[in-house]
Amino acid sequence: MSSRVVTIPNLLTVIRMALIPLFVTMLFYQRFGWALAIFVTAGVTDGLDGLLARRFDQKSQIGTILDPIADKLLLVTSFIVLSLPSIYPQPLSRHLPIPFWVTAAVLSRDIFIVVGSAVINIVTGFRGFRPSQLGKINTVLQIFAILLVLVCARTPWLSGYILPTTYALTFALAVISGVHYTFHASRLLNEDRTQQ
């Protein structure tokens, strides 16, 4: 693991973080097409930074910290802003904005995991946390949920067919993966103790 700071993957991560205020600005001015393009661009940079880090052996300590932070910042910001009624022209669709209960579940899960990890680290010194498979699926679903909301903001007639199911799945998986992470963290901690 390199200690280098300036690498192409890290620059892509910084670009992804810099796109967040631009994304929010486009949403504020109800430019949903541009917001969708920016969100997709951010997703592409996310895929590229990991690919380039592996392909050209440019994995770095700062990259392993910045990359998940950039991902969470983008997703959390997206859910919060897209839950605000003032973002959408009225009337648009009864399925927009994103219901508060969905956003609350997404945010609560992340807060639960961050606080839980911090407490475990303080008490035991364990730092070997890594996402579970269910956690990765949850992140992918959240990305698709934001994409679908942006598409439906542009074409509201689709929202009645797509969004209610998307909201229910996003909520359910956020809750399930949050609970699952408790067992996942416990397993990682036990594996670490066994190896010592």
(message) Expected output is a single nm value to one decimal: the length gained when fully extending between TRP157 and VAL114, i.e. 0.36 nm times separation in residues minus the C-alpha distance. What is it?
(response) 11.7 nm
(message) Given a Förster distance of 41 Å, report the FRET efficiency between THR124 and PHE100 from their Cβ-Cβ distance, rounded to the nearest 0.05.
(response) 0.70
(request) Calculate for the chain the 222 nm mean residue ellipticity that helices alone would give, adding -39,500 (n - 2.57) per DSSP H run of length 4 or more and normalising by residue count, nearest 500 deg cm²/dmol. (result) -27000 deg cm²/dmol
(request) Could you give the spread of the C-alpha atoms of region 57-105 along their three principal axes, from largest to smallest, in whole angstroms? (result) 50, 21, 14
(request) For region 86-196, calculate the relative contact order in percent as a whole number, restricting contacts to Cα pairs under 8 Å that are 6 or more residues apart. (result) 44
(message) Test of understanding: ordering THR13, THR7, THR124 by Cβ neighbours within 10 Å, fewest first, what list do you get?
(response) THR124, THR7, THR13
(message) Can you compute the radius of gyration and Dmax for the chain, using only the Cα atoms, both in Å?
(response) 18.2, 61
(request) Compute the acute angle (0 to 90°) between the alpha-carbon long axis of helix 133-154 and the principal axis of greatest extent of the alpha-carbon atoms of the chain; round to the nearest 10°. (result) 20
(message) Multiplying the sequence separation of ALA168 and VAL14 by 0.36 nm and subtracting their Cα-Cα distance, what value in nm do you get?
(response) 52.2 nm
(request) Let me know the Rg and Dmax you get for region 86-196 when you use only its Cα atoms, in Å. (result) 17.7, 61
(message) How high is the relative contact order of the chain? Use alpha-carbon pairs under 8 Å, at least six apart in sequence, and give a whole percent.
(response) 24
(request) Figure the gain on full extension for ILE176 and GLU191 (residue separation times 0.36 nm, minus the Cα-Cα span) and round it to one decimal in nm. (result) 3.1 nm
(message) I'd like the distance between the alpha-carbon centres of region 68-91 and region 9-49, rounded to an integer number of Å.
(response) 12
(message) Once you keep just the Cα pairs under 8 angstrom separated by 6 or more residues, what percentage relative contact order results for region 1-81?
(response) 51
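A short reminder: the numbers here are calculations on the coordinates, not readings from a lab. Only a predicted model underlies this, so the values are computations on that prediction, with no experimental measurement involved. Don't worry about glycine lacking a Cβ; one is built from the backbone with ideal geometry, like all the others, and counts go over all protein chains shown.
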